[in-house]
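These notes concern the structure reproduced below.
The values are calculated or read from the model by the stated rules, or taken from the named source; none is laboratory data. This is a predicted model, so every value here is computed, not measured. When we count neighbours, we look across all protein chains shown, and the Cβ atoms used for this are built from the backbone with ideal geometry, even at glycine. Note: accessible area is taken over every heavy atom of the protein model, side chains too, but ligands, DNA and RNA are not part of it. Shrake-Rupley method; radii C 1.70, N 1.55, O 1.52, S 1.80 Å.
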Amino acid sequence: MTGSNEYKLNQGPEDSISAVKFSPSTGQFLLVSSWDCTVRLYDVAGNSMRIKYSHLAPVLDCAFYDPTHAWSGGLDTQLKTHDLNTDQDTIVGTHDAPIRCVEYCPEVNVMVTGSWDRSVRLWDPRTPCNAGTFTQPEKVDPTGPHIVVLSVW
């Protein structure tokens, strides 16, 4: 620990960090995606890495679905879900270009991905499967913690 609310984690990624997300249930667990092709789950209070799983290429974003399931996507175009209890991952689907953002929308219980293939896709985390694809006029490249899509009727 470096300050009263600062922590230096052991076993950090070997390349740049692309996203950091805290668990929805507690600030104790931190999900980190990286350009080293990995997603890591840290126990912040215990200063330990709990789980590390890999993609075939750099990972651009990650998100919690619930406290025991992580989702991630990146330059390999694959969307993965990872069970943090069993340390098993599943490829849920793919985009036609890199996946730039992954978010959970609790209001409708879907995972949302945005890609440089100019699409926003919805994924049912219970199945898991694609629940809808929405083509956009430009590639999806968020600048904040949310995906915003506007339609003019």
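Tell me the label-point distance for the pair Tyr7, Asn85, using the 7 Å Cα-to-Cβ offset, in nm and rounded to one decimal.
Computed distance between label sites Tyr7 and Asn85 equals 2.2 nm.
Starting from the Cα of Lys8, draw a straight line to each of the aspartates and glutamates and keep only those under 16 Å, dropping any in the same chain fewer than 8 residues away.
Those aspartates and glutamates meeting the cut-off are Asp43.
Hey, what do the phi angles of region 28-36 turn into as Karplus ³J(HN,Hα) couplings, whole Hz, using 6.51/-1.76/1.60 and θ = phi - 60°, x for Gly and Pro?
So the Karplus estimates, Gly and Pro as x, are 6, 10, 10, 9, 10, 9, 8, 6, 7 Hz.
Net charge around Thr81, counting only other residues with Cβ within less than 15 Å of its Cβ (Lys, Arg = +1; Asp, Glu = -1)? Intermediate results must be reported in sequence, preceding the final value.
Numbers: positive: Lys21, Lys80, Arg121, Arg126; negative: Asp61, Asp66, Asp76, Asp83, Asp87, Asp89, Glu103, Asp124.
Counting the neighbours of Thr81, the net charge comes to -4.
At 1.4 Å probe size, with the rest of the protein present, what percent of the exposed accessible area of the chain is carbon and sulfur atoms?
Working: 4260 of 8350 Å².
Whole-percent figure for carbon plus sulfur exposure: 51.
Starting from the amide H of Ser34, placed 1.01 Å from N in the peptide plane, find each other amide H under 5 Å away whose residue is 5 or more places distant or on another chain.
Correct list: Ser18, Val59.
Give the long-range amide H neighbours of Tyr7: residues separated by 5 or more places, or on another chain, with amide H under 5 Å away, using H modelled in the peptide plane at 1.01 Å from N.
So Tyr7 has HN proximity to Thr2.
Amide H of Arg50 versus every other amide H placed in the peptide plane: which residues, excluding those fewer than 5 positions away on the same chain, fall under 5 Å?
Counting only residues 5 or more places away or on other chains, the set is Leu41, Tyr42, Asp43.
Enumerate the calculated ³J(HN,Hα) couplings along region 122-133 in order (Karplus 6.51 cos²θ - 1.76 cosθ + 1.60, θ = phi - 60°), each rounded to whole Hz, writing x wherever the residue is Gly or Pro.
Once rounded to whole Hz, the list reads 9, 10, 7, x, 6, 7, x, 7, 6, 10, x, 10.
Pop out the ³J(HN,Hα) list for region 88-95 in order, Karplus 6.51 cos²θ - 1.76 cosθ + 1.60 with θ = phi - 60°, rounded to Hz; leave Gly and Pro as x.
Along region 88-95, the couplings run 10, 10, 9, 7, 7, x, 9, 10 Hz.
Give me the net charge for the shell around Ala63: Cβ to Cβ below 10 angstrom, other residues only, Lys and Arg +1, Asp and Glu -1.
Numbers: positive: Lys21; negative: Asp61, Glu103.
Its environment carries a net charge of -1.
Under 1.5 on a/c is rounded, so check that first for the chain, then, if it is not, pick prolate when a/b is larger than b/c and oblate when it is not; a ≥ b ≥ c are the square roots of the alpha carbon gyration tensor eigenvalues. Write down the numbers at each step before the final one.
Values: a/c = 1.73, a/b = 1.68, b/c = 1.03.
Here the chain falls in the prolate category.
Using +1 on the beta carbon of Lys and Arg, -1 on that of Asp and Glu, and nothing else charged, what's the dipole of region 71-131 about the Cα centre, debye to 20? Present the calculation step by step, with values, prior to reporting the outcome.
Details: 5 positive and 9 negative charges, 35 e Å.
Rounded to the nearest 20 debye, it is 160 debye.
Compute, for region 1-125, the length of the dipole vector about the Cα centre, with Cβ point charges of +1 (Lys, Arg) and -1 (Asp, Glu) only. Units Debye, rounded to 20.
Numbers: 9 positive and 16 negative charges, 33 e Å.
Using only the charged Cβ atoms, the result is roughly 160 debye.
Which of Gln78, Leu60, His95 sits farthest toward the positive end of the charge dipole of region 1-95, with +1 on the Cβ of Lys and Arg and -1 on the Cβ of Asp and Glu?
Leu60
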